[in-house]
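Notes to accompany the following structure.
The values are calculated or read from the model by the stated rules, or taken from the named source; none is laboratory data. It should be emphasised that the depicted structure is a prediction, and the values quoted were computed from it without experimental measurement. Here the Cβ is made from the backbone with ideal geometry for all residues, glycine too, and neighbour counts use every protein chain on show. In case anyone asks, the SASA skips ligands and DNA or RNA and just uses the protein heavy atoms, side chains included. Shrake-Rupley method; radii C 1.70, N 1.55, O 1.52, S 1.80 Å.
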Amino acid sequence: MIFYPVLFALIATMALALARALLGPSLYDRVLAVNMFGTKTVLFLAVTAFMLGRPDFLDLALAYAAINFIGVLAVLQFFQSREIRQRYERQGR
Amino acid sequence: MTLIFGVFLLILLVIVALAIVRSEDLFAAVMLSGIFSLLMAVNFFLLDAADVALTEAAVGAGVATVLFLGALALTGKEEARHTVSPGGRWLALGVSFATASLLFYASLENPHIGDGSAPVHQHVAPWYLANTLPLIDIPNVVTAVLGSFRGFDTLGEVFVVFTAGIGVMSILGVRHSLVELSGAELDARQRSLRHHLIPRIVGRGMVPLIMLFALYVQFHGEYSPGGGFQAGAIAAAAIILYSLLEGDDRGRELLPEWLLRLMVAGGALLYGGVGLACVLLGGNFLDYSVLATVPSAGQHLGLLLIELGVGITVTGVLISVFHAFARRASR
């Protein structure tokens, strides 16, 4: 079975990404770690779907692949608007 | 082998949960809760619960992080300092320990995973499995149970979503007296990600694809994992993506507030209306068989309509909550 080594590799990568998300240190490390974890989840779901013989469950991987990046965009917008607001508040004083 | 993967992923889940509780940086907690949701979806998937996993995926990946960040923009970045007396600490430890030992004790008697003789598989589950095809004529048993056999429960769920949406809107959506926006603030409000070319172009290309996928999940739910709840969350994710890229004001132009309110109420109304139509046509409440001359065709029609109602309500509620947060943050 080719699936097991692949799944092992994916889980190891997920654990590494999780370690980065837990350790930080900067916010961007965490953002990247979450994004990477999401990508690995998509792969994990796809491989498992084929391993279980249910390729129709690929819908799930597809859903993640389509909307996983929205969270990252929200993070970027969050930082941007906070930066602008802080700059504005500094100018106001 | 799948069991080993499942156990390992559950251990990761516990680690993430502990880290969320321990972390004082709220932004880190939001990021970790994203990972928590991903892990949860994988675990559901390994347990063969594809419909639940799809719900977790749609809500956790698309909407939850965005809403958490919206809440974070209204509060501080750090958790508030709170002091607990040593006595309180010991009391909390004691209560947690007692609950945990009770749960462990109860789990000793639990049947094993996939045990066919477990009590839960003895009661109504065999009846659902045997009667889904003859009575409703669709392959996805989950949709049959959710929409038809236990349609009344699902009606309750839709009203829970409806009530939750009203609750959030009444707390966050209170009209403030309009403040004159100064130049920089207006700039900050309108800028969004509109000036970032690459996310904007790629993201705008994704919006119709996500919407298409939502429609597929909505109308194919009888044959594959999916249904109104999942489709509603995915469609809301598409609109939220548009609002993030183009600015909240343009998102609100696309779906104005009155339309969102109409969606929130109309979806629930459609669901209840189907139930009443069944009564008027001589059946029981939410007994779709009377909707057409052939009972199974009536079931198909009923499922289609109530899933549509669920989808519309969920989309409306999620987008309204997003707008409520975004508008509060921009003031």
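Checking each residue in the stretch B:270-283 for being under 16 Å from B:Ile136 (Cα atoms) and within 29 Å of the chain's Cα centre (by Cα) picks out only B:Cys278.
For (1) within 11 Å of chain A (Cβ to nearest Cβ); (2) farther than 30 Å from B:Gly228 by Cβ, each residue gets a yes or a no:
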| residue | (1), (2) |
| --- | --- |
| B:Arg22 | yes, yes |
| B:Ala29 | yes, yes |
| B:Leu46 | yes, no |
| B:Arg89 | no, yes |
| B:Ser107 | no, yes |
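Under the condition of being closer than 25 Å to A:Gln77 by Cβ, more than 14 Å from the chain's Cα centre (by Cα) and open to solvent by 30 Å² or more (accessible area, probe 1.4 Å), the residues counted in the stretch B:34-67 number 1.
Rundown of residues vs (1) in contact with a Ser or Thr (Cβ under 7 Å, 6 or more places away or on another chain); (2) without any contact (Cβ under 8 Å) to a residue 24 or more places away in the chain, yes/no style:
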residue	(1), (2)
A:Leu22	no, yes
A:Met36	no, yes
A:Phe44	no, no
A:Ala61	no, yes
A:Ala65	no, yes
A:Gly71	yes, no
A:Phe78	no, yes
A:Ile84	no, yes
A:Glu89	no, yes
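Where helices (runs of 4 or more DSSP H) fall entirely within the stretch B:79-163, none has at least 2 residues that are open to solvent by less than 70 Å² (accessible area, probe 1.4 Å), closer than 22 Å to B:Gly273 by Cα and modelled with pLDDT of 90 or more. When A:Asp29 is tested against the conditions (1) surrounded by fewer than 19 Cβ atoms within 10 Å (Cβ to Cβ); (2) facing chain B (nearest Cβ under 7 Å), the lone failure is (2). A:Tyr4 - would you say it is within 14 Å of B:Ile35 (Cα to Cα) and either touching a helix residue (DSSP H, G or I) at 6+ places or on another chain (Cβ under 9 Å) or buried (at least 16 other Cβ atoms within 10 Å of the Cβ) (or both)? So A:Tyr4 fails the test.
Inspect all residues belonging to the stretch B:218-235 and state whether any of them is within 20 Å of B:Arg328 (Cβ to Cβ), at pLDDT below 85 and open to solvent by 20 Å² or more (accessible area, probe 1.4 Å). For the stretch B:218-235, residues within 20 Å of B:Arg328 (Cβ to Cβ), at pLDDT below 85 and open to solvent by 20 Å² or more (accessible area, probe 1.4 Å): absent. Kindly establish whether A:Phe78 is over 9 Å from the mean Cα position of the chain (by Cα) and assigned to a helix (DSSP H, G or I). It is true that A:Phe78 is over 9 Å from the mean Cα position of the chain (by Cα) and assigned to a helix (DSSP H, G or I). Of everything in the stretch A:39-57 that is open to solvent by 60 Å² or more (accessible area, probe 1.4 Å) and facing another protein chain (nearest Cβ under 9 Å), the residue that is nearest to A:Leu16 (Cα to Cα) is A:Leu52.
Taking the criterion of being open to solvent by less than 30 Å² (accessible area, probe 1.4 Å), assigned to a loop (DSSP other than H, G, I, E, B) and out of contact with any Cys (no Cβ under 9 Å at 6 or more places or on another chain), the only residue of the stretch B:274-305 that qualifies is B:Gly283.
A single entry from A:Leu18, A:Leu60, A:Leu73 fulfils the requirement of being open to solvent by less than 20 Å² (accessible area, probe 1.4 Å), under 30 Å from B:Pro139 (Cα atoms) and at the interface with chain B (Cβ under 7 Å from one of its Cβ atoms): A:Leu60.
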